[in-house]
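Each remark here refers to the structure printed beneath this line.
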Amino acid sequence: MKTSFRISLITSLLIGLSSHSVFAAEAPTPVEQFATLLSESADWPAFTKLPALSTENKKTEKLENGKGLVLKSKLKLPGFKQKLRLRIGEETNRPSKFSIILDDTGVPLATFLKQQLPSVKYRVIADKCENMYERGSPTVFLELTLPTGKKLFLQDLDYSFASAHGDFSEHSLDFSRTRPAQEIENEECKRVKS
């Protein structure tokens, strides 16, 4: 019951944001800058040069499969108090996705979207996922429409981990250029009709 209520609340908030979203004329936020680069199939250097990336502890590592890189850095977001990490996987020098990892899993998705993507319109394409493994919160899939008319897709989920140092969680926002059809199927989510 608690999970169903949370899903309905998230969906209601997002539908409200979508119906009232207006393309803003203000300067784009750092997250909007990354989203725009992703939608334009920008190359790897374009992402790494954005001024919003903190130079402190900034590092690039190879992916486990050796077929790309991951950039790890804190993302400086004006007006947003949470610490974030940014990861971008390199594929043929043109990233097809990036993830923003929030250290605090209690940050409401609707609040983050309103603050960090004010010029983007949203539409829930799948929710009420049955296969959540051991995560404490359900997955929600969104379709994002940028001011340019190009579309991205966002998967919002919480991961729960158990380790020798204790249990911990992280909130992941995964952006991609391609519709996450396989992920929606794997999570056994209910598709939302247009």
So which residues in the range 158-180 are exposed (fewer than 13 other Cβ atoms within 10 Å of the Cβ) and modelled with pLDDT of 85 or more, if there are any at all?
T178
Give all pairs with beta carbons closer than 8 Å in which a residue from the range 108-135 that is closer than 16 Å to F153 by Cα and small (G, A, S) meets a residue that is part of a helix (DSSP H, G or I) and at pLDDT 90 or above; count only pairs at least 6 apart in sequence or on separate chains.
S119/E32
Restricting attention to the range 87-129, report how many residues are modelled with pLDDT under 80, touching a Leu at 6+ places or on another chain (Cβ under 8 Å) and farther than 13 Å from F175 by Cα.
4
Condition check: under 25 Å from T145 (Cβ atoms), surrounded by fewer than 18 Cβ atoms within 10 Å (Cβ to Cβ) and either modelled with pLDDT of 60 or more or acidic (D, E) (or both). Does E64 satisfy that?
no
Please identify the pairs in which a residue from the range 164-178 that is free of Cβ contacts under 8 Å to residues at least 40 places away in the same chain has its Cβ atom under 6 Å from the Cβ atom of a residue that is assigned to a strand (DSSP E or B), counting only partners at least 6 apart or on another chain.
F168/F161
Which ones in the range 144-157 are surrounded by 13 or more Cβ atoms within 10 Å (Cβ to Cβ) and at pLDDT 85 or above?
L144, T145, L146, P147, K150, K151, L152, F153, L154, Q155, D156
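The values are calculated or read from the model by the stated rules, or taken from the named source; none is laboratory data. Fair warning: this is a prediction, and the values are worked out from it, not measured in the lab. All Cβ positions, even for glycine, are placed from backbone atoms using ideal geometry, and neighbour counts span all protein chains on display.
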